[in-house]
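Below is one structure, written out as structure tokens; comments come after it.
The values are calculated or read from the model by the stated rules, or taken from the named source; none is laboratory data. Given the structure is predicted, the values throughout are model-derived calculations rather than measurements. Cβ placement follows ideal geometry from the backbone for every residue including glycine, while neighbour counts extend to all protein chains displayed. Calculation scope for accessible area: heavy atoms of the full protein, side chains included, ligands and nucleic acids excluded. Shrake-Rupley method; radii C 1.70, N 1.55, O 1.52, S 1.80 Å.
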Amino acid sequence: MSHFPVPLRLYSETVLKSYIMLTSILVPIFVCVVLPVAVIWIVCYTLQQKSNNETQILLEAIKNNPSVDSEKLIKSFRKVKGARPPMENLSRKLLRGTIYTLMGIAFAFMGAFFPGEDFLLGSWFLCGMLSAVGIGFLITYFFAYKNLAKIEKDYYSSRENE
């Protein structure tokens, strides 16, 4: 039984090999080139539309009521919504750092104790990536924890000015 869809069984073996070769070339190109470019374009387009929308609202407000406080209106657009307190951000960094590091250690154990060449390579690769991300979060946590007093002071003083 062939693993190809029914219409592909009608083609010769050389056509199928070229199909597989073409697929093995196009999929990585799509994933590594087209997909990141599309994501970046969508993010930039969304930010541009948000900026245009804010500008239109500001212009309409000024046109309808010239005495409107435009500075206050602009500040309300730029306000960070849902800003978390510094201690909560630190807790999240500690949690993420611990989870990623432990996942990296788990993949290291899996690579060491489960045989299989393909699995071994992927396991060590994931071990390195997850451990690096986890250690990065933990380093960020410890440096931020040293400066917690200054961070909280800046956070609460900026919240009072709003």
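Brief remarks on what is shown
- Rounded to whole Hz, the Karplus (6.51, -1.76, 1.60) HN-Hα couplings of segment 122-136, x for glycine and proline: x, 5, 5, 5, 5, 4, x, 5, 5, 5, 5, 5, x, 5, x
- Solvent-accessible area, 1.4 Å probe, carbon plus sulfur percent, for segment 22-162: 69 percent
- Segment 28-88: radius of gyration and largest Cα-Cα distance (Dmax), Å: 17.9, 57
- Quotient of the Cα radius of gyration of segment 17-162 and 2.2 N^0.38 Å, N being its number of residues: 1.65.
- Ranked by the mean number of other Cβ atoms within 10 Å of their residues, highest first, the peptides 123-130, 41-48 fall in the order 123-130, 41-48.
- The residues of segment 29-162 have, on average, 78 Å² of accessible surface per residue, using a 1.4 Å probe with all protein chains present.
- Simple spin-label estimate for Arg84 and Asp69 in nanometres, 7 Å along Cα-Cβ: 3.2 nm
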